[in-house]
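Please read the structure below before turning to the comments.
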Amino acid sequence: MNAQKHKLKRAERRRYRVRKIIYGTPAKPRLSVSRSNLHISAQLIDDLNGVTLAAATSQGKDSGLKHGGNVKAAAEVGKKLAEAAKAKGITVAAFDRGAFRFHGRIAALAVAATEAGLVCTDLESMKAKLAPKAGETPAEKTKEAKPKGEKKDAKPKGEFGLKEKKKPEDDKK
């Protein structure tokens, strides 16, 4: 099996693993997310009746987005979907991330939708993950990175090949 077929097969397995747990109903529809390199789209699906209740995408002129493949666009799509859901009277949804990891654009869409009124993720647990632990300063959390090329015990330039010779008199003292 070539690499691309294997990659698609793994993505299909991830998608099925997520979907076997989540099922959309009219009261709590499934929020399905699809992303490509250029765009992101989301829809609320009622699996019981097989209909899409609301949808939003970064594609098209009516989206008002210059580029749809970034976190900012994903957040806008999440807000638009939450507004469309509110208009239909939907306040809760089951988040279906598909074959994608919950980070970056996918997480931004979920957080924006939740903040706009469509509860699909637990914001408290996400904030707890990002908050610094007790007794830990922000500097320790980020572990301030040194500039590139600078080593801990680096010698100044021009002295790399020279070693200091010990004088015999120093050892006798």
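The values are calculated or read from the model by the stated rules, or taken from the named source; none is laboratory data. This is a predicted model, so every value here is computed, not measured. Reconstructed Cβ throughout: ideal geometry from the backbone, glycine too, with neighbour counts over all protein chains shown.
Applying the set (1) closer than 22 Å to Glu115 by Cβ; (2) assigned to a helix (DSSP H, G or I) to Asp62 leaves exactly one unmet item: (1). Among residues of the stretch 36-51 that are under 12 Å from Arg105 (Cα atoms) and part of a loop (DSSP other than H, G, I, E, B), none has a Cβ under 7 angstrom from a residue that is aliphatic (A, V, I, L, M) and at pLDDT 95 or above at a sequence gap of 6+ or on a separate chain. Counting the residues of the stretch 82-115 that are outside any helix (DSSP H, G or I), out of contact with any Cys (no Cβ under 8 Å at 6 or more places or on another chain) and under 26 Å from Arg15 (Cβ atoms) gives 10. Out of Ser58, Ser32, Ser63, one residue alone is modelled with pLDDT under 90 and surrounded by 14 or more Cβ atoms within 10 Å (Cβ to Cβ). It is Ser63.
Does Ile90 meet the test of being within 21 Å of the chain's Cα centre (by Cα) and either over 23 Å from Asp122 (Cα atoms) or in contact (Cβ under 8 Å) with a residue 24 or more places away in the chain (or both)?
Against the criterion (within 21 Å of the chain's Cα centre (by Cα) and either over 23 Å from Asp122 (Cα atoms) or in contact (Cβ under 8 Å) with a residue 24 or more places away in the chain (or both)), Ile90 does not qualify.
The number of residues in the stretch 26-43 that are more than 16 Å from Lys66 (Cα to Cα) and touching a Ser or Thr at 6+ places or on another chain (Cβ under 6 Å) comes to 2.
Only residues that are surrounded by fewer than 19 Cβ atoms within 10 Å (Cβ to Cβ), over 13 Å from Phe100 (Cα atoms) and modelled with pLDDT under 90 were counted across the stretch 6-25, and they come to 5. One residue stands out in the stretch 116-145 among those that are assigned to a loop (DSSP other than H, G, I, E, B), over 18 Å from Ala42 (Cβ atoms) and small (Gly, Ala, Ser): the one that is modelled with the highest pLDDT, namely Ala131. Looking across the stretch 74-108 at every residue that is under 11 Å from Arg35 (Cα atoms) and among the hydrophobic types (A, V, I, L, M, F, W, C), the one that is surrounded by the most Cβ atoms within 10 Å (Cβ to Cβ) is identified as Ala74.
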